[in-house]
Amino acid sequence: MNADTQVATERSQEICDQIRRWILRCTTEAGSGHPTSSLSAVELMVALMFDGTFRFNFEQPEDPANDRLIFSKGHASPLFYALWAAAGKIDPNELMSYREFGSRLEGHPTERFSFTEAATGSLGQGLSIGLGMALAARYLDRSPSRTFVLLGDSEIAEGSQWEAIQLAAHYKLDNLIGILDVNRLGQRGETMYGHDLEAYRDRIEPFGWRCILVEDGHDLEQLAQGYADVNAASDQLGRPVMMIARTVKGKGVRSLEDQGGHHGKPVGKDAVADTLERLGSSNDSIRGEIKRPGAYQCNPPAIRTSKTIQYSIGDKVATRDAYGNALNRLAAKYPQMVSLDGEVCNSTRSKRFRDEYPDRFFEMFIAEQNMVGVATGMALCGKTPFVSTFAAFLTRAFDQIRMTPYSGAAVRFVGSHCGVSIGQDGPSQMGLEDIAMFRTLQDAVVLYPSDAVSTEALVDRMAENDGIAYLRTTRGKTPVIYNNDEPFQIGGCKVLKETENDQVTLIAAGITLHECLRAHDALSKCGISARVIDLYSIKPLDHATVRRAADETQVVFTVEDHFPEGGLGEAILTSLSDHSTPVHCLAVRNRPVSGSPEQLLSDQGLSAAKIVESVERWRNVSSKRSKRDLASPERNALN
């Protein structure tokens, strides 16, 4: 080792010691956290960030050339924050606010801390998000940026990790580098492969990755050679890199090193005092330097005017077809728009975008969890991702979906093949939980258009909306009922049929709106006047219009091709929770089976004829009740 290298190594060791002191002090102050998981990766991260491999320009934090660092093992947040303190971006005193109410230094990183690339902590998601960032850098920005992902050996058991590993090799992303912290111990005991580095290599390398083994992940010289190999591997186009390092959980605290039973617990005061004494005193002044990336010029594509919508009233067009048309039509208006699909693009109709804009379409194959993570990574790189698949298949990625808002990622989801109206394919393909799933997400937008015009307009609104949004499309063709210039806004609805003498309000969206329109005509012949509302924006919904309808009619019926729990009906019930007008929810209540769309809608009580029957039953019951009240003056007086 030459003199310069020795000085650099000694400096790095001083930073490691300082970071260990901060980890112990902040978790002790908080009385909680994951110090042992943080301590195992100290040298791994210090060697990465401060020895020249990682590059970041603090004067231009949005520079596409900046490298990105994701802590997939988000519970190692004490290390994450301490690293940025060592970089001079956090006052060491602020570290002592770790996990306090109101502190930006939360138990697991979220967007509230500005250097967090993505919210993590729900294990198994970081590599997919990193994959999305690497895709954006390589294929969209043409940037030299690299993405580094710190992985825990426990979370490597997650299937989403292997989805990401396969896709990274498929897309030849040599700008994606995983750093696997093999500390042997999980939350309840030993991990699947313990300290067997070769076991991980033997599984990852056949997928097309280059694996670099580091026998001692606390030896700075070995790590320097390992990162030199990482940099060399980046010159071998097409192979993502995985550094696999043997580490010791709790490293630096002698009584805890490589010992189970301490995960997620602060270190005891005696052990902290002993460790701090061995590490020596510090005035918190030690800092590391992060190198800047090389010069890079990004020329964003120009925004152009999109074509106008062109349909005719009465045209039969499936809303999934209109979605595909909208992507193509709006691509010029939103040059950062990208489309991701789970090998069903011919069904979701995103195939049209793929054929027209192949450089902006990314096939994610049948790996929905990874697809959502990739979209999150792309959104955090300034892209406008639309994720499409069957609505039923999005449910398996709900963990990834629910995490996107904590990263501040504006991802747009589109679920096709919704409800029993898809027909003969049967219940495995029927999205019947999707509205409920997306309604649970804070500030999420949930849209359900009924025709081609409203679909195209709402795709436009989704693209310009800065947040998570979901749009539900229908498999079968439905008639166009709106003029091409009809305006649609998030949070709105359309009153399609209305008189001053309306007795009944019918509220629906999507396929059942058309059943309600037919029911309206049949009810008119029976002497019942019905108001019909297209609640195309289920969340947020137009409370004022809904409440006015409840004020002006005697009863409200909601009609939806979705399970009753969490759907459109429950949204209306919540809106009218303090209202006296009764609400009847028609929804999918029988176990779905195969059959024609018409048979299935009828079986569930959602066809026009069945809606009419439900309203007539209400009228008959109401009429009998009124007669009883008139025949009983005493009861009438009590009321």
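The values are calculated or read from the model by the stated rules, or taken from the named source; none is laboratory data. Keep in mind it's a predicted model, so treat the numbers as computed, not measured. For neighbour counting, all protein chains shown are included, and Cβ atoms are generated from backbone atoms with ideal geometry for every residue, glycine included.
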If only one of Thr574, Thr558, Thr581 is surrounded by fewer than 21 Cβ atoms within 10 Å (Cβ to Cβ), among the hydroxyl-bearing types (Ser, Thr, Tyr) and not in a loop (DSSP other than H, G, I, E, B), which one is it?
-> Thr574
Please go through segment 18-45 and pick out each residue that is assigned to a helix (DSSP H, G or I) and either among the polar types (S, T, N, Q) or touching a Pro at 6+ places or on another chain (Cβ under 8 Å) (or both).
-> Gln18, Trp22, Ile23, Leu24, Cys26, Thr27, Thr28, Ala30, Pro35, Thr36, Ser37, Ser38
Mind checking whether some residue in segment 391-406 is over 11 Å from the mean Cα position of the chain (by Cα) and either surrounded by 24 or more Cβ atoms within 10 Å (Cβ to Cβ) or assigned by TED's automatic domain parsing to the domain that holds Leu140 (or both)?
-> yes
Any idea which of Leu150, Leu173, Leu167 is part of a strand (DSSP E or B) and either surrounded by fewer than 24 Cβ atoms within 10 Å (Cβ to Cβ) or of a type outside the set (Asp, Glu) (or both)?
-> Leu150
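At least 3 residues that are more than 20 Å from Ser537 (Cα to Cα) in each: list the helices (runs of 4 or more DSSP H) lying fully within segment 364-445 that qualify.
In segment 364-445, 368-379, 398-407 are the helices (runs of 4 or more DSSP H) which contain 3 or more residues that are more than 20 Å from Ser537 (Cα to Cα).
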Any residue at all in segment 293-304 that is over 26 Å from Arg142 (Cα atoms) and either surrounded by fewer than 15 Cβ atoms within 10 Å (Cβ to Cβ) or touching a residue at least 24 places away in the same chain (Cβ under 8 Å) (or both)?
-> no
Subset of segment 62-94, residues small (Gly, Ala, Ser), surrounded by fewer than 24 Cβ atoms within 10 Å (Cβ to Cβ) and under 21 Å from Thr147 (Cβ atoms), comes to Ala65, Ala87
Any chance Tyr200 is over 26 Å from Glu29 (Cα atoms) and more than 23 Å from the chain's Cα centre (by Cα) = yes
Taking segment 51-78 and keeping only residues that are of a type in the set (Asp, Glu), out of contact with any Lys or Arg (no Cβ under 7 Å at 6 or more places or on another chain) and under 20 Å from Ser407 (Cβ atoms), one is left with Glu62, Asp63
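Have a look at Val253, Val272 and point out the one that is farther than 30 Å from Tyr200 by Cα, touching a helix residue (DSSP H, G or I) at 6+ places or on another chain (Cβ under 8 Å) and either aliphatic (A, V, I, L, M) or surrounded by 15 or more Cβ atoms within 10 Å (Cβ to Cβ) (or both).
Just a single option satisfies the conditions, and that option is Val272.
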Some residue of segment 311-325 being surrounded by fewer than 18 Cβ atoms within 10 Å (Cβ to Cβ), of a type outside the set (Ser, Thr, Tyr), assigned to a strand (DSSP E or B) and over 11 Å from the mean Cα position of the chain (by Cα) | yes
So Val372 clears everything in (1) crowded, with 22+ Cβ neighbours inside 10 Å; (2) among the aliphatic types (A, V, I, L, M); (3) in contact with a Gly (Cβ under 7 Å, 6 or more places away or on another chain) except one condition, right? Which one?
-> (3)
Considering each residue of segment 346-369, count those that are surrounded by fewer than 24 Cβ atoms within 10 Å (Cβ to Cβ) and more than 20 Å from the chain's Cα centre (by Cα), and give that number.
-> 10
